[in-house]
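Take a look at the structure below.
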Amino acid sequence: MCTVCGCSSGPKIGGKAHAHSHAHAHDHGDLTHARTHEHSHSHAHDHAHGDHDHNHSHGADHDHHHYGQGAAGVSVPGMSQSRLIQIETDILARNNSYAASNRRVLAALQAFAVNLVSSPGSGKTTLLCKTIEALGDQPLAVIEGDQQTSHDAERIRATGARAVQVNTGKGCHLDGHMVGHAMDDLHLAPQSLLFIENVGNLVCPAAFDLGEDAKVAILSVTEGEDKPLKYPDMFTVAKLAILNKTDLAPHCDADLDAYEANLRRINPDITVLRVSARTGEGLAAWLEWLRAGLRVKARS
Ligand SMILES: Nc1nc2c(ncn2[C@@H]2O[C@H](COP(=O)(O)OP(=O)(O)OP(=O)(O)O)[C@@H](O)[C@H]2O)c(=O)[nH]1
Ligand SMILES: [Mg+2]
C-alpha cells in the first residue's frame, strides 16, 4: 500500500488484519532465469469503526473539498487521520532502513546514484540511453522500475549497459527494498553511476528514499508550466530538474522561463537544466552534473 495516495492494495476496512505484499519480478536480461522476490509485511489493524473522523453520509451536511487537508495529508475512507499517520510512519520507517543500507553500499563503492522521477513519458529512458552513449566507458548500471513489461530495460541493454527491470505490479513507486535486491543483482563496480528510473508517477515516488544521492525530476515542456505548482512534493525533494523536449517548445507555445520560475517557487535551491534528449541540446551540462556528483562521492 502507498498511504501517500491510498492507492494499490490499500488497507482493508473493517477490523481485519491486512497483509501488505508486493511481488516484483527481476528480469536479468541475458541471464537465463528470472527470479521472483516476494515478501509480505503485516500490519495489525485493530480498526474500530468508532475511529472514523466523521459519520459518513452523502447528505448535503458536509463537503468533501478538503480531502488530504487533515494531519495525514491523505484521505482513505474509513480510516482516521491518526491511524493513517501511524501506518505511513511504519511503512516509511521500514523503507528508510532499507534505503540507509543501500546508501552504505553505495558509499563504500563511492558510487553516485540518481533516482529519475517524472510523469509517464517525459523522456527518462530516452535521456538515459543518450546519456549512456555519451558517457563512453564510465562504469554504470541501471535499475528500471515499471508496473509491467521489460521494455525499458531492453532499451537500456541495447546500448550495451547493464540493466535490471523491477516490475512493481500494482505498486506505484520503487521502494528501498526493491532497489536493494536490484543492486545485489547488479554487482556495481567501484565509482559507478547508478541510474534508477522510477515508475512514471509524479506523486508517490517523492515520498520514498531509495538510498540515492539525488532525485532528478524530469519535466517535459509539453506537460504545462503549472505542473511544479500542482505536484509540489516531487519538485521539493528533487535536487535537479531537467526540462526535457526543448525541441518541442516552439510547437506547443511552451514558456520555458515560466517553467523555471514555477520550479523555483516550489524549490528555490533546485538546479534546472534545459535539455532535448532527442537533439542532444543541453546534454553536456547534464553529463557535467553527473561527473561532479561522482567527484564528490570519490572524495567522501
Ligand atoms: N521530441 C522529443 N521527444 C522526446 C524527447 N525525449 C523523449 N521523447 C519521446 O517521448 C516519448 C516517451 O519517452 P520515454 O523515454 O519512453 O519516456 P519515459 O519517461 O521513459 O516513459 P515511462 O518510462 O513510460 O514513464 C518517446 O516517444 C520519446 O521518443 C525529446 O527530448 N524530444
Ligand atoms: Mg521509461
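The values are calculated or read from the model by the stated rules, or taken from the named source; none is laboratory data. This structure is a prediction, so every number in the text was calculated from the model and none was measured. Neighbour counts run over all protein chains shown; Cβ positions are idealised from the backbone, glycine included. All accessible areas refer to the heavy atoms of the entire protein, side chains included, with ligands and DNA or RNA removed. Shrake-Rupley method; radii C 1.70, N 1.55, O 1.52, S 1.80 Å.
Yes or no, residue by residue, for (1) at pLDDT 95 or above; (2) closer than 19 Å to residue 218 by Cα; (3) buried (at least 17 other Cβ atoms within 10 Å of the Cβ):
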site	(1), (2), (3)
126	yes, yes, yes
154	yes, no, no
162	yes, no, yes
168	no, no, yes
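May I ask you to list the residues in the range 95-138 that are touching a Ser or Thr at 6+ places or on another chain (Cβ under 6 Å) and more than 16 Å from ligand 1 (Cβ to nearest atom)?
111
For residues that are polar (S, T, N, Q), farther than 24 Å from residue 182 by Cβ and open to solvent by 60 Å² or more (accessible area, probe 1.4 Å), tally how many sit in the range 78-109.
Summing the residues that are polar (S, T, N, Q), farther than 24 Å from residue 182 by Cβ and open to solvent by 60 Å² or more (accessible area, probe 1.4 Å) in the range 78-109 gives 3.
Checking residue 93 against (1) under 22 Å from residue 210 (Cα atoms); (2) among the small types (Gly, Ala, Ser); (3) in contact (Cβ under 8 Å) with a residue 24 or more places away in the chain; (4) not in a loop (DSSP other than H, G, I, E, B), which single condition isn't satisfied?
Evaluating residue 93 over (1) under 22 Å from residue 210 (Cα atoms); (2) among the small types (Gly, Ala, Ser); (3) in contact (Cβ under 8 Å) with a residue 24 or more places away in the chain; (4) not in a loop (DSSP other than H, G, I, E, B) leaves (3) as the failure.
I need a count of the residues in the range 203-219 that are open to solvent by 20 Å² or more (accessible area, probe 1.4 Å) and of a type outside the set (D, E, K, R).
Residues flagged as open to solvent by 20 Å² or more (accessible area, probe 1.4 Å) and of a type outside the set (D, E, K, R) within the range 203-219 amount to 2.
Is there a residue being open to solvent by less than 30 Å² (accessible area, probe 1.4 Å), within 27 Å of residue 228 (Cβ to Cβ), within 12 Å of ligand 1 (Cβ to nearest atom) and not hydrophobic (A, V, I, L, M, F, W, C) anywhere in the range 175-195?
Taking every residue of the range 175-195 in turn, none turns out to be open to solvent by less than 30 Å² (accessible area, probe 1.4 Å), within 27 Å of residue 228 (Cβ to Cβ), within 12 Å of ligand 1 (Cβ to nearest atom) and not hydrophobic (A, V, I, L, M, F, W, C).
Within the range 234-262, track down each residue that is more than 10 Å from residue 217 (Cβ to Cβ), outside any helix (DSSP H, G or I) and away from ligand 1 (no atom under 14 Å from the Cβ).
253, 255 - these are the residues of the range 234-262 that are more than 10 Å from residue 217 (Cβ to Cβ), outside any helix (DSSP H, G or I) and away from ligand 1 (no atom under 14 Å from the Cβ).
List every residue pair whose Cβ atoms sit under 7 Å apart, with the two residues 6 or more apart in sequence or on different chains, where the first one lies in the range 140-161 and is more than 12 Å from ligand 1 (Cβ to nearest atom) and the second, anywhere, is assigned to a strand (DSSP E or B) and among the aromatic types (Phe, Trp, Tyr).
Close Cβ pairs satisfying both conditions: 140/195.
Out of the residues in the range 228-237 that are in contact with a helix residue (DSSP H, G or I) (Cβ under 8 Å, 6 or more places away or on another chain) and over 15 Å from residue 122 (Cα atoms), state the one that is surrounded by the most Cβ atoms within 10 Å (Cβ to Cβ).
Taking the candidates together, the pick is 237.
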